Structures are given as C-alpha cells and as structure tokens.
Amino acid sequence: MNLFADIRALTVDALTNLAEDGLLPPGLDTKNVSVEPPRDAAHGDMATNAAMVLAKPAKKKPRDIADALAPRLMADPRIASAEVAGPGFLNIRLAPVVWQTVVGAVLAQGTAFGRSDMGAGQTVNVEYVSANPTGPLHVGHTRGAVFGDALASLLEYAGHTVTREYYINDAGAQVDVLARSVYLRYLEAHGEAVDFPDGTYPGDYLVPVGQALKAKVGDVYVGKAEPFWLADVRAFATEAMMDLIRADLARLGVEMDVFFSEKSLYGTGRIEAAIDALRGKGLIYTGTLEPPKGKLPEDWEAREQTLFKSTDYGDDVDRPIMKSDGAWTYFAPDIAYHFDKTERGFDSLINVFGADHGGYVKRMKAAVAALTDNGVPLDIKLTQLVKLMRDGQELKMSKRAGTFVTLADLVEMVGSDVTRFIMLTRKNDAPLDFAVDKALEQSKDNPVYYVQYAHARVMSVLRKAAAQGIDVSDAALGAADLTKLDHAAEHALAGKLAEWPRLVEIAARTHEPHRVAFYLYDLASGLHGLWNRGNEEPSLRFLQEDVATSQAKIGLARAVSVVISAGLGILGVEPAQEMR
RNA sequence: GCACCCAUAGCUCAGCUGGAUAGAGCGCUGCCCUCCGAAGGCAGAGGUCUGAGGUUCGAAUCCUCAUGGGUGCGCCA
C-alpha cells in the first residue's frame, strides 16, 4: 500500500473526469502531477501541484483548476478537506480512517509493508567491494561493502531481482607480487632469514599463508627458481586471500552471490570475443593519442596503440586496450567482464567504486553503452573516503606505523550494526568522518542508538502489556478498534508510516540507501516525541485503562517498530529488543 | 591543462523526477520524570543555501561562467 500513490491516482482520475465534463481540455499529460508530503505540517497531510503543472497546457489559471478539482477530491471518503493555497497548491487533509487503515496495513503486512513492485522483477547486477586479493579489507572497502549491500537489499525490497557480485582482480601484476611475498613467508617458515624488498607485501597476515603453503607442499619449492613455483604459489595465495576477504565480509554479514575471476577471462577467448564485438561496430582502431595537456610524464613519447573509440559514447579520449608488448591493458578484461554481465541478461548494472576510481566511470559506461547499443544502463556509484576519528583526532592510516585499520579492526571495535548504520548516515559521494568513540556512545549523538532506542521502547511496552495479560500479537492488535487512534499526534505518526513505501521507491530509484537511514531517524524521532507527550497527556500513553484502547495505541507503536525493523533490515542492522 | 565529485546555521550534515516561511543533530539559553525506559522530550536564538547571470508561474535543486576544496589523468590493476 502506497498512500501517496493512491491519492495521486485519485487526483489523476478527478482530472480525467474534469476533462470529460469539458472543464479541462482532453488528453492532458499528467505525468508531472505529484502528490507529496508538504514541508510544513500546517499545510495538511498532502499537497498536489496539479493545478500549477496543468495551468499552461490547459490555458487556465492555476486557481481555477484547483477550485474545480477540490470538490471532486472531497467526494472521496478518504479526503477530509482540500483547500487551495499559495500559488495554486491544493492542500489535502485526510480523514482519520486513512491513518487507521495505514496502521492496520502495517500490522497485517509486517515488514512487507513498504515493499514495492516498482522493479517489476527486473534483474540488476550490483558489483561492489571487488578489492584486489592481496590482503585484508580496510576501512575504505568497508564503506563500499556496506553501501553496495544495502543498495542491493533496497533494490530487492523494491521488487528487483538482484545479484550481488565481486570481481576478483586475480590476473594482474599485483598477484605476482603477492605470490613472491608469500614465497618469502614460505621460506621463512622453513627457517630461512628473509627480508622484504620494495615491491613486496611485508604484512604479517601472510605469515600463516606461508606456513600453510609449507604444510601443503613441504620443501619442493625451496631453492627453486621463480618460474618453477610462481603459478602454483599465485593460485594458492590468491585463494588464501579470497578466504580472508570472504571472512572479512562475513563479519559484516555481507554475502556475495557471485565471485567473478578476472583470470577466467584469459586463455578462453572471452576477451577477444568482447573486443571483436566492439570491432564489429567499428569501434576498435590503431592510432596515436595526443599527449596529455599540462605537465607531461617524463618518458612520454608518441606510440601507436590499439584503441577503443570510447569518445563515440561520451568519453573524453579514446582508451588503449592493448599494451605495446601486445598484452591486454587492464581495460580489456574489464570490457570483457562487463560484456559477460550483459550476456547474462541483466536489465541493468550497478558498480560501486571507491572515489579514487572516478576517472574510469566514463570509459566503463562507454564500453557498456557500446556493447549493448545503449540497451543496458550502467550506474556507477562512487563512495568517498572514510576518515576514522577518535577524540577529535584523525586516526592516521599507515601500514608502516602499524596504525592501519582493517575492516576486522573496525568491526571488532564497534560491531557490525554500528559500522553499517554509521556508514549509511552519509550520502555515498560525501566524505565520511567516522568517530569511533562517538559510535559507541549511547546517546542522541549517535543515530544508531537513537533508532534502536525507539525500537526497544516499543518492545518494552509490548512486554509490559503482555505482563498485564493483554494480547499483543500483531493479529490481535490489527483487529483492535483503531478508531481509538483519534488524536492529531497519533495521526502525525501514522502519517510518517505512510511515507515509508514512498521513501523506499525514491531511495531505490536514486540508488541512495542513506535515505532509509535518515527516514528511520525521523520515524524514531516521531515515536520519542509521542512517547514523551504521554507524560503530560495521559490519554496519549500506549497503556490505557481499558484493553481495547490499549490495543489500538499499542498497535500504532508496534507498527512503528515493524517499519523500523524493515528499514534496519535493508541496512543490514539487527533491531534491538532492549537497550543495555 | 582536462575530466569527475563537492560547497546549505558556529560545527557535522539532510533536503523528495523544481514547489509554499530552507530542516535535523551537536554546541548555546530556558524548561519537562509521584508518569509505559529522561539513553528521551519541549521551547528559543542562529541562514545573502560560495558568487554572478540564465531557464521557469516557481530554483538550494536545472543550465552557463567564476571562486574555493577533493579525486583522477597513455604500456598500474
């Protein structure tokens, strides 16, 4: 149930009737007619801009249209009043029965209240994290993981069929570096003294990998030249790193559907097939790029390269797909990977990258647009940097200084729920200061606890009521006489609940899960407000003298907890039963 | 030099396919527990939405330019 969509449909019907009666020209385009919550509560429950949007095409004054529209809306039992205001807004007040219906719907549908069929089963591939398999995930990856996962859940909630996917860069030079580093740890496990030259990974996390390699193969690689062991060690090390990464993701409750190996694209003709697809469209050619403007790289010289004509699809320059030694650049397998995604039949693609990959957005979009003739949209969401703060000071991250903070460290410090919620209290493209000390504080300073507290309060009321022998099952509350919810403050809170399905659609459409977090904060605020008004107005307390009234009021509180629960579910956060 | 992202209250940030008098938290001032959890609530003060043009009935929102920050920029993925 989406109340705003319902009232919008009512409005459009009324406009159609006006046209049939000759009061408006026929065939007006109503797609820009909106029904929204007004910014100022004094303006009523909803407002429509219909009169202003249609004034020009109908060649009528906005107020005349609004005057004609108002009585048609008021004929509906759900509408208590419709008044013309301002430049031509129609402010709508809803009948009390509407709010009672909303609460009843939440109690009947549970966390499915707010689900949308907007996605219409469209398949979406969400690729996120995709960190190089060379070490544990760090704080930056954490934001990508949380964002991508919440976005995926949000899209599922809005009716899409979602695949969560991780692209493993296991074919480049950096996994050779990994293999050499593990080899050194392997020698160390055999008692050799080793040191780690530049261009190797000295991290302790490879010590157990070296030992595991020894346990597996004994000493067969000791004293052997690199070509003898490189491929084997690389495979072993990469697998070990992916185990590490999967374990890190599990700490956050992130579970991928697909891990896609870059290496699997090589030697199978799949890169060639993707490039051939572009060549077939006349988009591959041999040429020389202009030198970049401004400061030149020192060793710059003009070279002939195999290029993808990405400028035909909005990129700034054409991009090389093959190195001068004939090997593919990193971009070629990327193209092949996305070609593979489109061939798997996804209706749309989403990539979540760190902001430092912003420079690849245009070429990636160009590649997908070219491969699908603009048929499959690719949205790329960039997550900005995370700064960890403690006591107002930035925790500087430095591997050398030993202050490198990993995902595992962060989750260890503040827990998965707090990590996830805080990371989603900022828009993805805004930098995030993560105050580790504040995140653990149980106060209003901390939005996680504020929302959790609201949920816990409701649970507390339910426990208290149950102890008094009141049936507080959702079925019983839903069957209660909800007309007892007759106070404006209660209607206002129910109105917040009614916004939930609408918010889900907006958040899903814009690919912005942070909106869910802000909505939950707002909803929690509404509950806290009503709760405290009960201090001064006993009739607003949830527990009343008679059972029937109690059940109605508890029903409202329960409905709030259900929606909080649904929202937290999308964010991947467990609702609190009580605060401790 | 070019591209992308960003600029909203003292601070940290929301702001809905353009909508009415721009919101929240922190901080500041003053209130509210014989009462379901005060880990909360209420009220007040605080704004040329970086600047200048443009489109529109209407711009924080869209377009152009400027200023100030961040990120990236041909054989690293």
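The values are calculated or read from the model by the stated rules, or taken from the named source; none is laboratory data. The structure displayed is predicted, hence computed values, not measured ones. With ideal geometry, Cβ positions are generated from the backbone for all residues, glycine too; neighbour counts draw on all protein chains shown.
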| task | Taking the residues in the range A:82-94 that are more than 7 Å from RNA strand B (Cβ to nearest atom) and within 35 Å of the chain's Cα centre (by Cα) as candidates, determine which candidate is farthest from A:Ala55 (Cα to Cα). | result | A:Leu94
| query | Failed condition for A:Asp315, given (1) surrounded by 14 or more Cβ atoms within 10 Å (Cβ to Cβ); (2) away from RNA strand B (no atom under 14 Å from the Cβ), with all others met? | reply | (2)
| field | One residue from A:Gly555, A:Gly569 being away from RNA strand B (no atom under 11 Å from the Cβ) and either in a loop (DSSP other than H, G, I, E, B) or within 18 Å of the chain's Cα centre (by Cα) (or both) | value | A:Gly569
| remark: Note on the range A:173-229: residues part of a helix (DSSP H, G or I), of a type outside the set (Gly, Ala, Ser) and within 16 Å of RNA strand B (Cβ to nearest atom) are A:Gln174, A:Val175, A:Asp176, A:Val177, A:Leu178, A:Arg180
| said: Looking only at residues that are modelled with pLDDT of 90 or more and more than 22 Å from A:Val563 (Cβ to Cβ) in the range A:31-46, which one is farthest from RNA strand B (Cβ to nearest atom)? | reply: A:Val33
| query | (1) modelled with pLDDT under 95; (2) in a helix (DSSP H, G or I): which one isn't true of A:Thr268, the others all being true? | reply | (2)
| note | For the range A:99-126 the number of residues that are surrounded by fewer than 24 Cβ atoms within 10 Å (Cβ to Cβ) and either of a type in the set (Phe, Trp, Tyr) or under 15 Å from A:Tyr166 (Cβ atoms) (or both) is 1
| remark: Scanning the range A:429-448 residue by residue, those loosely packed, with under 12 Cβ neighbours inside 10 Å and either more than 8 Å from RNA strand B (Cβ to nearest atom) or without any contact (Cβ under 8 Å) to a residue 24 or more places away in the chain (or both) turn out to be A:Ser443, A:Lys444, A:Asp445
| Of (1) out of contact with any Leu (no Cβ under 6 Å at 6 or more places or on another chain); (2) in contact (Cβ under 8 Å) with a residue 60 or more places away in the chain; (3) more than 11 Å from RNA strand B (Cβ to nearest atom), A:Gly354 satisfies all except one. Which? | (3)
| query | Which one is modelled with the highest pLDDT among residues in the range A:379-410 that are in contact with a Ser or Thr (Cβ under 7 Å, 6 or more places away or on another chain) and surrounded by fewer than 18 Cβ atoms within 10 Å (Cβ to Cβ)? | reply | A:Leu395
| query | From A:Leu107, A:Leu28, A:Leu23, A:Leu18, which residue is touching a residue at least 24 places away in the same chain (Cβ under 8 Å), away from RNA strand B (no atom under 15 Å from the Cβ) and assigned to a loop (DSSP other than H, G, I, E, B)? | reply | A:Leu23
| Among the candidates A:Asp248, A:Asp257, residue that is of a type in the set (D, E, K, R), touching a residue at least 24 places away in the same chain (Cβ under 8 Å) and in contact with a strand residue (DSSP E or B) (Cβ under 6 Å, 6 or more places away or on another chain) | A:Asp257
| Pick from the range A:497-543, criterion closer than 23 Å to A:Leu477 by Cβ and among the polar types (S, T, N, Q), ranking: farthest from RNA strand B (Cβ to nearest atom) | A:Ser539
| task | Of the conditions (1) within 13 Å of RNA strand B (Cβ to nearest atom); (2) more than 23 Å from A:Gly267 (Cα to Cα), A:Leu154 clears all except one; give me its number. | result | (1)
| Which one of the conditions (1) assigned by TED's automatic domain parsing to the domain that holds A:Ala212; (2) of a type outside the set (A, V, I, L, M); (3) touching a Lys or Arg at 6+ places or on another chain (Cβ under 7 Å) does A:Asp318 fail to meet, given that it meets all the rest? | (1)
| In the range A:111-161, which residues are in contact (Cβ under 8 Å) with a residue 60 or more places away in the chain and β-branched (Val, Ile, Thr)? | A:Thr111, A:Thr123, A:Val124, A:Val126, A:Val129, A:Thr134, A:Val139, A:Thr142, A:Val146
| message | Looking only at residues that are farther than 14 Å from A:Thr16 by Cβ and surrounded by 18 or more Cβ atoms within 10 Å (Cβ to Cβ) in the range A:54-75, which one is farthest from RNA strand B (Cβ to nearest atom)? | response | A:Ala70
| query | Looking at the range A:77-95, which of its residues are under 25 Å from A:His487 (Cβ atoms) and surrounded by fewer than 18 Cβ atoms within 10 Å (Cβ to Cβ)? | reply | A:Pro77, A:Arg78, A:Ala80, A:Ser81, A:Glu83, A:Ala85, A:Arg93, A:Ala95
| Here is a list of conditions, (1) within 14 Å of RNA strand B (Cβ to nearest atom); (2) exposed (fewer than 15 other Cβ atoms within 10 Å of the Cβ), and A:Lys362 meets all of them except one; can you say which number that is? | (2)
| Those residues of the range A:479-494 which are surrounded by fewer than 20 Cβ atoms within 10 Å (Cβ to Cβ) and over 11 Å from A:Gln100 (Cβ atoms), in sequence order | A:Ala479, A:His487, A:Ala488, A:Ala489, A:Ala492
| task | Mind telling me which of the residues A:Pro320, A:Pro291 ends up being modelled with pLDDT under 95, part of a strand (DSSP E or B) and within 15 Å of RNA strand B (Cβ to nearest atom)? | result | A:Pro320
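Do the conditions hold for A:Val361, that is, is it among the hydrophobic types (A, V, I, L, M, F, W, C) and over 30 Å from A:Pro202 (Cβ atoms)?
Yes; evaluated as a whole, the condition is true for this residue.
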| request: Report yes if A:Val451 is touching a residue at least 12 places away in the same chain (Cβ under 8 Å), assigned to a loop (DSSP other than H, G, I, E, B) and either more than 10 Å from RNA strand B (Cβ to nearest atom) or in contact with an Asp or Glu (Cβ under 6 Å, 6 or more places away or on another chain) (or both), otherwise no. | output: no
| remark: The number of residues in the range A:542-560 that are within 17 Å of A:Asn532 (Cα to Cα) and crowded, with 23+ Cβ neighbours inside 10 Å is 7
